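The block underneath contains the structure these notes are about, expressed in structure tokens.
The values are calculated or read from the model by the stated rules, or taken from the named source; none is laboratory data. Since the structure is predicted, the reported quantities are computational estimates derived from the model, not experimental observations. Positions of Cβ are generated from backbone atoms using ideal geometry, with glycine treated the same way; all protein chains shown enter the neighbour counts.
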Amino acid sequence: MMAELAMFIDVSKCTGCRGCQVACKQWNELPAVKTGFSGSYENPPRIGGDTWTKVRFVEKEDSGKMRFLFRKEQCMHCTEASCEAVCAAGAIRKTDQGLVVLNDDRCVGCKNCVVACPFHAVGLSEETGSSRKCRLCYERIENGMEPACVKACPTGAVSFGERDQVLARAKQRVSVLRDSGVNATVYGENELGGLHVLYVLDDEPEVYGLPAHPRVATAGLLNNWLHALIGVGVVAFAPFWLIFRERGKAPDKSVGTGVDGNA
Amino acid sequence: MHEIAWPVIIAIYLFVAGDGVAAFYTGILANTFSKGKYERIAKIGAYIGVPLIIVGLLMLIIDLGRPLSFWHFVLGENFLPIFRPSSTMSLGTWLLTAFTVFGGGYALTWLAEEEFARGWPVLKYFASRPGLRKTLGYLALPFAVLIACYTGVLLASTAAPLWNSTPYLGLLFLLSATSAGLSSIILILAATKSDRCLIYTFSQADAIVDILELIVFIILMVRLSSAAPESAALLLNGEFSVLFWLGIVAFGLVVPLVMEIYELASSKKNVINTIVPVLSAVLILAGSFLTRVVILYAGQANF
């Protein structure tokens, strides 16, 4: 069993240069996406099948002062990965190192993973007709290299390593930031069984567009089936059994009976 | 607004699949509970159900990014059958496959006895086989019922708050499908100038399912309003409110229900006017389709 790996993103060091975005497109040979102006320098407006990472721009007003915040977003490589759970074709697997990898040859393009991902990190590629997302450059890692986005980051906001060490560094950074009066937190330590992308955030997760309590897509499955099956029992009784059952020869006063004989 | 991953073609699939299997199990259940009085309804149910499921499967395949790879749903990398219990879509694929085989065989036992189909090559093996028909019908029945539930559960196992915040979507889709299935049978009965009292009986059953559906819809919306208020607002007073209130609630549920109850309560059964059951069946079918469209699109609007 190999040690789990993780990407570390320190938003307090990100300048929004989007070098990671370009490096990802280049290394993975992803096509450009045609976009329009969406009211922000943020572009393209969302990650998806042809854009696996990008920097999200957030404008937040704090006591009359405007803060311009950045967060690099991509697949979070969840331990409880919704995409892997819902995939009918078995196209998504979790590696021993915690990476969630999509096998393009197996993908049918049903988009179930697209609607199941709590981070909206999977999208259908116009180019291939399959769902695609960040693979944490596992082929680079296997060859002793860092992921392309990590390699490109000029400020050290994005780094990479064994998850235990990354987590320790993240906690250390949080205490440094807290000492200087910033309300810093680690995101991803326990969410969805532990993410393999860990963030140091200097504000609430929601400010950065992250769900405070992400849920695995299959969480409500059994409860939904349970209620539906109770419904099956109710419908089988009323109306089906009540209305269609053979009542014998005794005349019934209720409406609808006595007509069955004409059926 | 987020991009739409599952477009209207999926809403059509959810509708025809639910409507089809419901017509099928309505026929079998009515015939079983009546100890064989509704044989013709069972046949009509099979004739509605099996073609609709096949249309639904085609819709599903057309919507895939890679339609020609659809068999990856059933065969794994080593070409052995693949079933993934955590995947509702995987479960649904097998339910649909099993229903198509058993329900299809059941429909063939009816078709083999039609005047025009006499002498068709393979069909003769299905002719005059009451035992085979009964077996195939009962084999297909559980799959039909589970498919009606599954169309809702599929949406619930996602990240969309409107779909996953309550445990009632499978139940709602089951009831909506049953009501649509009954309505489809009413329309066929009316189109074939069947006995009015028969139409009256099915209209009565439809009214009961309609009431159940209305109750579940209310419970679902109350629960959604507290669990995912933004999603509930989309339906109650946001982007989809006109379609929701006017299309689904008013013309899809309340108006047909009032019409059915009025007709059932006021008319003597021998003078019953089939216009009212027919019109309410049409409204219910339209409302059932709109329920799929609105829930599918509203779910993806704020996720």
(1) touching a residue at least 12 places away in the same chain (Cβ under 8 Å); (2) over 30 Å from A:His120 (Cβ atoms); (3) not in a helix (DSSP H, G or I) all hold for B:Ala159 apart from (2)
Picked from the range B:192-238 (must be crowded, with 20+ Cβ neighbours inside 10 Å and polar (S, T, N, Q)), the residue farthest from the other protein chains (Cβ to nearest Cβ) is B:Ser231
### Task
Restrict the check to the range A:208-223 and report whether at least one residue is over 30 Å from B:Pro142 (Cβ atoms) and more than 14 Å from chain B (Cβ to nearest Cβ).
yes
Being at pLDDT 95 or above and either within 9 Å of chain A (Cβ to nearest Cβ) or surrounded by fewer than 20 Cβ atoms within 10 Å (Cβ to Cβ) (or both) narrows B:Ser241, B:Ser179 down to just B:Ser241
Just one listed residue, out of A:Ala148, A:Ala168, is more than 19 Å from A:Glu80 (Cβ to Cβ), surrounded by fewer than 17 Cβ atoms within 10 Å (Cβ to Cβ) and of a type in the set (Gly, Ala, Ser), and it is A:Ala168
Note: among B:Thr97, B:Thr32, just one is out of contact with any Lys or Arg (no Cβ under 6 Å at 6 or more places or on another chain), surrounded by 15 or more Cβ atoms within 10 Å (Cβ to Cβ) and at the interface with chain A (Cβ under 9 Å from one of its Cβ atoms), namely B:Thr32
Condition set touching a strand residue (DSSP E or B) at 6+ places or on another chain (Cβ under 6 Å), within 15 Å of A:Pro44 (Cα to Cα) and touching a residue at least 40 places away in the same chain (Cβ under 8 Å), scope the range A:8-20, selection surrounded by the most Cβ atoms within 10 Å (Cβ to Cβ): answer is A:Cys20
With respect to A:Ala157, is the statement that it is surrounded by fewer than 19 Cβ atoms within 10 Å (Cβ to Cβ), under 17 Å from A:Met7 (Cβ atoms) and either among the small types (Gly, Ala, Ser) or out of contact with any strand residue (DSSP E or B) (no Cβ under 6 Å at 6 or more places or on another chain) (or both) true? no
Surrounded by fewer than 24 Cβ atoms within 10 Å (Cβ to Cβ) and within 11 Å of chain A (Cβ to nearest Cβ): does that describe B:Leu154? no
Return a yes/no flag: does the range A:111-122 have any residue that is farther than 19 Å from A:Phe8 by Cα, within 14 Å of the chain's Cα centre (by Cα) and among the small types (Gly, Ala, Ser).
yes
Note on the range B:11-28: residues within 11 Å of chain A (Cβ to nearest Cβ) and surrounded by fewer than 24 Cβ atoms within 10 Å (Cβ to Cβ) are none
In the set A:Val182, A:Val197, A:Val174, the lone residue that is closer than 12 Å to A:Ala6 by Cβ and surrounded by 13 or more Cβ atoms within 10 Å (Cβ to Cβ) is A:Val197
Listed by first then second residue, the pairs whose first member lies in the range A:63-90 and is assigned by TED's automatic domain parsing to the domain that holds A:Trp52 and farther than 28 Å from B:Leu80 by Cα, whose partner is acidic (Asp, Glu) and surrounded by fewer than 20 Cβ atoms within 10 Å (Cβ to Cβ), with beta carbons under 9 Å and at least 6 positions apart or on separate chains, are A:Met66/A:Glu59; A:Arg67/A:Glu59; A:Arg67/A:Glu61; A:Arg67/A:Asp203; A:Phe68/A:Glu59; A:Leu69/A:Glu59; A:Leu69/A:Asp202; A:Leu69/A:Asp203
Of the residues in the range A:103-126, those that are of a type in the set (A, V, I, L, M, F, W, C) and closer than 21 Å to B:Gly92 by Cβ come to A:Cys107, A:Val108, A:Cys110, A:Cys113, A:Val114, A:Val115, A:Ala116, A:Cys117, A:Val122, A:Leu124
Can you find even one residue in the range B:100-111 that is within 30 Å of B:Tyr38 (Cα to Cα) and within 9 Å of chain A (Cβ to nearest Cβ)? no
Cβ pairs under 8 Å, 6+ apart or interchain, first in the range B:143-154 and free of Cβ contacts under 8 Å to residues at least 40 places away in the same chain, second polar (S, T, N, Q) and not in a helix (DSSP H, G or I), ordered by first then second residue, are none
Over the range A:20-64, the set of residues under 13 Å from A:Lys133 (Cα atoms) and among the basic types (Lys, Arg) is A:Lys25, A:Arg46, A:Lys54
